[in-house]
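All remarks here apply to the structure that follows.
Values quoted throughout were computed directly from the atomic coordinates according to the rules given, and no laboratory measurement underlies them. Everything numeric in this text was worked out from a predicted model, so none of it was measured. Here the Cβ positions follow ideal geometry from the backbone for every residue, glycine too, while neighbour counts run over all protein chains shown.
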Amino acid sequence: MRVLVTGGAGFIGSHIVTALAAEGHEPLVLDALLPAAHPRTPEIPAGAAFRHGDVRDAEEVRAALRGVDAVCHQAAMVGLGSGVHDAPAYVSCNDLGTAVLLAGMAEAGVRRLLLAGSMVVYGEGRYECAEHGTVRPGPRRAVDLDAGRFEPPCPRCGAPLLPGLVAEDAPTDPRNVYAATKLAQEHLAGSWARATGGRAVALRYHNVYGPGMPRDTPYAGVASFFRSALARGEAPRVYEDGRQRRDFVHVTDAAAANVAALAALDGRPAGACTPYNIGSGSPRTVGELAAALASAAGGPSPVTTGEYRLGDVRHITADSAAARRDLAWTPQVAFAAGVTEFATARLREPAAG
Ligand SMILES: NC(=O)c1ccc[n+]([C@@H]2O[C@H](COP(=O)([O-])OP(=O)(O)OC[C@H]3O[C@@H](n4cnc5c(N)ncnc54)[C@H](O)[C@@H]3O)[C@@H](O)[C@H]2O)c1
Ligand SMILES: [Zn+2]
């Protein structure tokens, strides 16, 4: 199929382009090369045509969609951002951009959409209270975090909770601007699907890491912070007590999930955007990640600082059974192998200034 990959010059998008081409598809990249993501012109993977353009530009989108069978929408401003002042930029890029793209697809008769979703739509993950079963803790309070009380207590009785795996039917609870824009993208895709009879899946990536990850900026992931510190000969600085749980999924597995979803898409319900968790299935703590990277890089051991970021959730780990079942996708890269490779892998250079 001829597949338009928006954001195809980015970290995950470029791996998707490579994976699509390897499967005999014809990827076409539309990317605005945002300065925050690209300090210098990136290499576009071999085998892909490239258009330098913005998904908010209806004319660009119309031209890019010519002859296209499916769209893989990765373009977005990513990361936690720096609070509310950049909210207009996030909403513009992520939600206005998605709306313009979807309107163009409706007009061009393109009915297949793969959307880059995110685990951030869930907020805090799934927790069990011995007394109250599955509960949903509210946002953590600065006063608790300052006192080193990182674990969210049961909202009903205050007892300690057991973290579990979050499935796609968990209620959504976006806790920052970026998360709100990622959830809105899914709602927009659902509206497009209902109006056009199109098919969409939202692949809710968990923590994606691997070669080509951007260096540490406010927009990068934790694996990149650790990796960049080690590259400077410094100890990775681990926030909270290091016991916060995440699902680290390798970028080639995230790319393979897109290829698998494209193959399975015509068998998914028409008129809906179906979400899937894309995680490795083996939860790890952030402290474990730091230790594994430090050891593989032969660098200084991590330090646990007790610092925190107010927008962060404590635990969020994926139940990816639905993607394995419906998309016939199985992650291939085990944590130890992926982290060992990543410890010395190439990173994308930081933006100048
Ligand atoms: N990296 C992760 O762990 C992770 C986790 C969950 C979800 N995601 C999602 O995956 C997608 C890809 O993220 P990434 O980590 O590869 O980020 P990235 O910044 O490396 O790539 C995003 C690309 O989109 C382009 N872009 C941004 N806005 C655009 C616009 N308006 N028009 C055209 N191009 C635009 C950028 O130039 C960049 O090349 C995003 O949608 C992100 O929300 C990533
Ligand atoms: Zn309770």
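Quick one: plug the Kirkwood hydrodynamic radius of region 1-55 (C-alpha pairs) into Stokes-Einstein at 25 °C, 0.890 mPa s, and report D in µm²/s. The estimated diffusion coefficient comes to 225 µm²/s. Each residue in CYS129, CYS273 was given a count of other beta-carbon atoms within 10 angstrom of its own, and listing them fewest first yields CYS129, CYS273.
Around the amide H of VAL166, modelled in the peptide plane, lie the amide H atoms of ARG126, THR317, ALA318, ASP319, all under 5 Å away and 5 or more residues distant in sequence or on another chain.
Enclosing the Cα atoms of region 150-261 in their convex hull gives a volume equal to 151 cubic angstrom per residue.
Between amide H atoms placed 1.01 Å from N, distances below 5 Å from VAL313 occur with no residue 5 or more places distant or on a separate chain.
Counting GluC sites (Glu not before Pro) as exposed when in a DSSP loop with at most 11 other beta carbons within 10 Å, what is the longest stretch of the chain free of them?
132-306
Can you pull a Stokes-Einstein diffusion coefficient for region 1-102 at 20 °C (1.002 mPa s), Rh from Kirkwood over Cα pairs, as a whole number of µm²/s? Estimated via Stokes-Einstein, D reaches 156 µm²/s. Its residue count N sets the reference 2.2 N^0.38 Å, and the alpha-carbon radius of gyration of region 230-353 equals 1.25 times that reference. Between the helical axis of 286-297 and the longest alpha-carbon principal axis of the chain there is an angle of about 80 degrees. Its Kirkwood hydrodynamic radius, worked out from the mean inverse distance over all distinct Cα pairs, puts region 49-154 at 17.2 Å.
So for the chain: antiparallel DSSP bridges make up what percent, rounded to the nearest 5?
Antiparallel bridges make up about 15 percent of those DSSP assigns within the chain.
Applying 1/(1 + (r/R0)^6) with R0 = 35 Å to the Cβ-Cβ distance of ALA147 and THR340 gives a FRET efficiency near 0.45. With neighbours defined as other Cβ atoms within 10 Å of a residue's Cβ, the residues ILE316, ILE44 order from fewest to most as ILE44, ILE316.
Round to a whole angstrom and tell me the spacing of the C-alpha centers of region 166-193 and region 310-327. First find each Cα centre; the distance between them is then 13 Å. Angle, helix 177-196 long axis vs. longest principal axis of the chain, Cα atoms, 0 to 90°, nearest 10? Computed tilt is about 30 degrees. Once the Kirkwood radius over Cα pairs is known for the chain, the Stokes-Einstein relation at 4 °C and 1.567 mPa s delivers a diffusion coefficient of 63 µm²/s. Ignoring trypsin sites (Lys or Arg not before Pro) that are buried or in helix or strand per DSSP, and keeping those with at most 14 other beta carbon atoms within 10 Å, what is the longest stretch of the chain between them? Free of exposed loop sites, the longest segment is 233-308. Each residue of region 99-104 was assigned a 3J(HN,Hα) from its phi angle through the Karplus curve 6.51 cos²θ - 1.76 cosθ + 1.60 (θ = phi - 60°); the sequence is 5, 5, 4, 5, 4, x Hz, with glycine and proline shown as x.
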